[in-house]
1. Under 19 Å from the Cα of LYS47, which aspartates and glutamates turn up, not counting those fewer than eight places away in the same chain?
2. Bins of 5 Å, beginning at zero and ending with the bin holding the largest distance: percent of Cα pairs per bin for the range 3-103, please.
3. Of ALA87, SER104, MET149, which is farthest on the positive side of the dipole of the chain, counting Cα position, with +1 on Lys and Arg Cβ, -1 on Asp and Glu Cβ, and the Cα centre as origin?
4. Work out the length of the dipole vector of the chain about its Cα centre, built from +1 on the beta-carbon of each Lys and Arg and -1 on the beta-carbon of each Asp and Glu, and round it to the nearest 20 debye.
5. Set the Förster distance to 25 Å, then compute FRET efficiency between ARG241 and HIS212 from the Cβ-Cβ distance, nearest 0.05.
6. At 1.4 Å probe size, put HIS126, HIS191 in order of accessible surface, largest to smallest.
7. For ARG65, what accessible surface area do you get with a 1.4 Å probe? Give it in Å², rounded to 10.
8. Hydropathy at least 0.5 by Kyte-Doolittle, axial extent at least 15 angstrom from the Cα trace: which helices of the chain, defined as entire DSSP H runs, fit?
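The values are calculated or read from the model by the stated rules, or taken from the named source; none is laboratory data. The model shown is predicted, which means the values in this text are computed figures rather than measured ones. Positions of Cβ are generated from backbone atoms using ideal geometry, with glycine treated the same way; all protein chains shown enter the neighbour counts. Side chains included, ligands, DNA and RNA excluded: accessible areas come from the protein's heavy atoms. Shrake-Rupley method; radii C 1.70, N 1.55, O 1.52, S 1.80 Å.
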Amino acid sequence: MPFTATVLTILPDMFPGPLGHSLAGTALNNGVWGLKTLDIREFASDKHRSVDDTPAGGGPGMVMRADVVGRCVEDAIARQPDVPVIAPTPRGKPLTQQRAKALSEGSGVILLCGRFEGIDERVFDHTFSNGTQIEQVSIGDYVLSGGEMAAMVILDSVVRLLPGVMGAAESESEESFSVDASWDGLLEYPHYTRPREWEGRTIPEVLLSGNHARISAWRRAQAEERTRLWRPDLWEAYEARREASPKGKPRKGRS
Ligand code: SAM
């Protein structure tokens, strides 16, 4: 069975959307991964197929009902009992490359997309029939109008890591945040291509030298410098890991 994602949504027509294109789309067409949607409205019990109601305690907006959403999650779990259930939400744990990598090593994921003001809290407090609790994941400190695009972001980050999706040319090993031990969470170094000169700017000479050891050392130094300057949080973690490792500290970036 390929990696299978089941998306629970009131807008199933949004899928596969962007996931039907490029790397993810080719892989989907080739059966490297599978995508299903479950329409949350199918689990409503009234003739209007209502999924939301007014918030207890008053206030603006609508809240997705626990009973309707709960039935939908149970249905998805019955089909895929061994995969994590993730609800994209702005208050969740930030999505990381590590989490994407771990998901890509599993057999799939169930993604529960919120709309309106979000989902009744009891769904998150609940333990489902297979012992699962929903994991809340944020894709950034901003608010989208629904979980579908966040689910697509999560899926895109996972699917590109599935075996056979990326070619050697798009290797993940020296990408920003790569969990590959040799890259260790650094940002990526800068890239250049033709023409050799553009608007008075040239390609760094070392990249044209053909000396692979020099190129590799230059790229590493650039990656370290960028990480130190642009993402002090990542740099601090990188230095701490290096200090704790037998190899010792990383080179200081040049400023
Ligand atoms: N009232 C919520 C709050 O203040 O946290 C925001 C609800 S938002 C309008 C509707 C849905 O969009 C959420 O239930 C969630 O599924 C999704 N969403 C919005 N921003 C998100 C983010 N940064 N990361 C992941 N999902 C997000």
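1. Qualifying aspartates and glutamates at Cα under 19 Å: ASP39, ASP67.
2. Reading upward from the zero bin: 2, 10, 16, 19, 22, 15, 9, 5, 2, 0.
3. SER104
4. On the way: 30 positive and 35 negative charges, 204 e Å.
For this selection, approximately 980 debye.
5. Working: r = 26 Å, r/R0 = 1.04.
The value I calculate is 0.45.
6. Working: HIS126 85, HIS191 115 Å².
Descending accessible area places them as HIS191, HIS126.
7. Approximately 80 Å² for this residue.
8. Working: long enough: 66-79 (20 Å, 0.36); 147-159 (17 Å, 1.55); 212-230 (26 Å, -1.26); 232-244 (18 Å, -1.35).
Membrane-span-like by this rule: 147-159.
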